[in-house]
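The values are calculated or read from the model by the stated rules, or taken from the named source; none is laboratory data. Everything quoted here is computed from the prediction, not taken from an experiment. Cβ: placed from backbone, ideal geometry, glycine included. Neighbour counts: every protein chain shown. These area figures cover heavy atoms from the full protein model, side chains too; ligands, DNA and RNA do not enter into them. Shrake-Rupley method; radii C 1.70, N 1.55, O 1.52, S 1.80 Å.
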Amino acid sequence: KAASGEFSARVRSIWLANPGQGELISELPDSGIELVSRIIDQPEDIARFDMALTVTQSDVPAEQINQICEVPEPVYSKEISQLLLKWIYSRTPEQIMFTREALDYLIQLTFWLADKYDPSIPLVEINDQKTRVAKLAVSVAAQVFSTDETYEYLVVRPEHVHAAGQLFDIWYSK
């Protein structure tokens, strides 16, 4: 007999692709984020992505890649990093709080992104962009351990929303 049920799931997926046919991105007429629609031809499939990033060989000069440099000291110890990840993954939706200022800025930023970027590539749609920016802002807040005084709630502040907006702008302005 068939049964149905509802399960809570957290899915994180990174999808990597090349433009195909042995071509380099630098050799194609399209550039940056426009290449997404070359690889994924259905707009409804593109709309399922939270974000997209294109990378080319020219993004980082060969001199910089081949430079010998000292490995920096980690900001957090291995143990602290593991504890931070455990704390982040143990937060429930009820334990994520946006300040009023962060919510106001989130709405403002959503409209700005929707006005700036063409909707022909459905990565920035006014009806979904608020959620996309909010997810990234939560990630930024989590990485810097933005919390309340009880350490129970993850607190998203305007600077976290701003950082998320900067990332979208860097990625989509290419």
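So for the range 13-25 (the condition being of a type in the set (Phe, Trp, Tyr), surrounded by 11 or more Cβ atoms within 10 Å (Cβ to Cβ) and either out of contact with any Cys (no Cβ under 9 Å at 6 or more places or on another chain) or at pLDDT 85 or above (or both)), does at least one residue qualify? Checked the range 13-25: no residue is of a type in the set (Phe, Trp, Tyr), surrounded by 11 or more Cβ atoms within 10 Å (Cβ to Cβ) and either out of contact with any Cys (no Cβ under 9 Å at 6 or more places or on another chain) or at pLDDT 85 or above (or both).
The test for being on the phi > 0 side of the Ramachandran plot and either part of a helix (DSSP H, G or I) or in contact with a Leu (Cβ under 9 Å, 6 or more places away or on another chain) (or both) does not hold for Phe168. Checking each residue of the range 144-159 against the condition of being of a type in the set (Ser, Thr, Tyr), out of contact with any Cys (no Cβ under 9 Å at 6 or more places or on another chain), surrounded by 12 or more Cβ atoms within 10 Å (Cβ to Cβ) and over 28 Å from Phe49 (Cβ atoms) gives at least one match. Taken over the range 35-54, the criterion of being within 19 Å of the chain's Cα centre (by Cα), basic (Lys, Arg) and not in a loop (DSSP other than H, G, I, E, B) is satisfied by no residue.
Condition check ((1) open to solvent by less than 60 Å² (accessible area, probe 1.4 Å); (2) within 22 Å of the chain's Cα centre (by Cα)) across all residues:
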residue	(1), (2)
Ile33	yes, yes
Thr56	yes, yes
Asp59	no, yes
Ile65	no, no
Ile80	no, no
Leu84	yes, yes
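Scan the range 86-108 and tell me whether some residue there is touching a helix residue (DSSP H, G or I) at 6+ places or on another chain (Cβ under 8 Å) and under 14 Å from Met51 (Cα atoms). No, the conditions are met nowhere in the range 86-108.
Is one or more of the residues making up the range 96-106 open to solvent by 100 Å² or more (accessible area, probe 1.4 Å), among the aromatic types (Phe, Trp, Tyr) and modelled with pLDDT of 85 or more? The answer is no; no qualifying residue exists.
When the residues of the range 70-118 are filtered to those that are among the β-branched types (Val, Ile, Thr) and in contact with a Leu (Cβ under 9 Å, 6 or more places away or on another chain), which remaining residue is nearest to Val155 (Cα to Cα)?
Here is the first cut: in the range 70-118, the residues among the β-branched types (Val, Ile, Thr) are 71, 75, 80, 88, 92, 96, 99, 107, 110.
Okay, now just the ones that are also in contact with a Leu (Cβ under 9 Å, 6 or more places away or on another chain), so 88, 96.
Details: Ile88: 12, Ile96: 6 Å.
So the residue we want is Ile96.
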